[in-house]
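The values are calculated or read from the model by the stated rules, or taken from the named source; none is laboratory data. Here the structure is a predicted model, which is why all the values come from computation and not from measurement. So basically every Cβ, Gly included, is an ideal-geometry build from the backbone, and we count neighbours across all protein chains shown. Side chains included, ligands, DNA and RNA excluded: accessible areas come from the protein's heavy atoms. Shrake-Rupley method; radii C 1.70, N 1.55, O 1.52, S 1.80 Å.
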Amino acid sequence: MGRLFDLTGKKAVVTAAAQGIGRAVAEAFVAAGARVYACDINKAGMADLKGAEAVGLDAARLDHIESLADHTGPIDVLFNGVGWVHHGTILDCAEEDWRRAFTLNVDSMYRTIRTFLPGMVEKGGGTIVNMASVASSVIAVPNRFAYGASKAAVIGLTKSVAADFVGKGIRCNAIAAGTIDTPSLRDRMRAQGDFDQAMAGFVARQPVGRLGRSSEVAALALYLASEEAAFTTGQVHVIDGGWSNA
Ligand code: NAD
């Protein structure tokens, strides 16, 4: 038996690759042998990302995605990592917040999938992994109105693509992560005023007793991207320290 989770010879596009989960996914895909196009609006943040080609890209912009596709040609793996958290209930969510949540969290994935899927179909196969969240159709999380609604849309989008293209060698799965220790999560904790108290609150809702690590999510993404996951598509893969099981 060869190496497990081997992506040698595969071309992979990873969005939100400058930090957090997307960064860990890009690193895991590089380590697995893939040719990785690491894409982020913050190109400078990828200067120290070894083994990947850094591409400055706004995932909300179709013209950026189309230029990327012209550059990469057909790819084998697409990891959609971009996501934005709006804090608050529906009453705190102005039209522009709602639009921004859907533009960044859903439209971005619609656009990357619509751009890269034809090349995958032509090749006879490909895998798509979309970052959702347990705050979605999995569970309701207080003050995550626009985020939860948009991440539920990511799950619907994932299932639909999976169902429509299962006969063409395409797999499309979603990852529903719980609370993962990333730079943006730490920023949100700081924004709450008392960082330590905010951290304690986040840890308290994890039955495992700690936050998740980006590397743990990346391991799941690598599995889903690899041949070892050939029998799973259209699924929501929950990785949340037991949160949604509590
Ligand atoms: P993060 O906020 O730490 O990093 C996001 C990256 O995306 C940054 O490098 C940023 O520059 C980039 N980015 C932002 N807007 C962009 C755009 N328009 N185009 C391209 N790049 C853009 O992210 P994270 O916490 O690692 O989360 C990654 C994904 O996982 C998101 O979809 C998020 O919703 C999801 N998620 C995160 C958690 C968590 O607890 N951290 C939990 C569940 C799901």
Legend entry - Among (1) within 18 Å of the chain's Cα centre (by Cα); (2) over 23 Å from Arg186 (Cβ atoms); (3) within 16 Å of the ligand (Cβ to nearest atom) - the single one Ala34 does not satisfy: (3)
Inset, instruction - Write out, first by first residue and then by second, each pair whose Cβ atoms fall under 6 Å of each other, whose residues are 6+ apart or on separate chains, and whose first residue, in region 29-56, is in a loop (DSSP other than H, G, I, E, B) and polar (S, T, N, Q) while the second is within 12 Å of the ligand (Cβ to nearest atom) and open to solvent by less than 40 Å² (accessible area, probe 1.4 Å). - result: Asn42/Ala18
Inset, instruction - For region 71-89, state whether one or more residues are open to solvent by less than 30 Å² (accessible area, probe 1.4 Å), among the hydroxyl-bearing types (Ser, Thr, Tyr), in a helix (DSSP H, G or I) and in contact (Cβ under 8 Å) with a residue 24 or more places away in the chain. - result: yes
Inset, instruction - Of the conditions (1) open to solvent by 20 Å² or more (accessible area, probe 1.4 Å); (2) in contact with a Cys (Cβ under 9 Å, 6 or more places away or on another chain); (3) away from the ligand (no atom under 16 Å from the Cβ), Asp194 clears all except one; give me its number. - result: (2)
Legend entry - Those helices (runs of 4 or more DSSP H) lying entirely in region 150-246 with at least 3 residues in contact (Cβ under 8 Å) with a residue 40 or more places away in the chain and under 30 Å from Asn42 (Cβ atoms): 183-191, 214-225
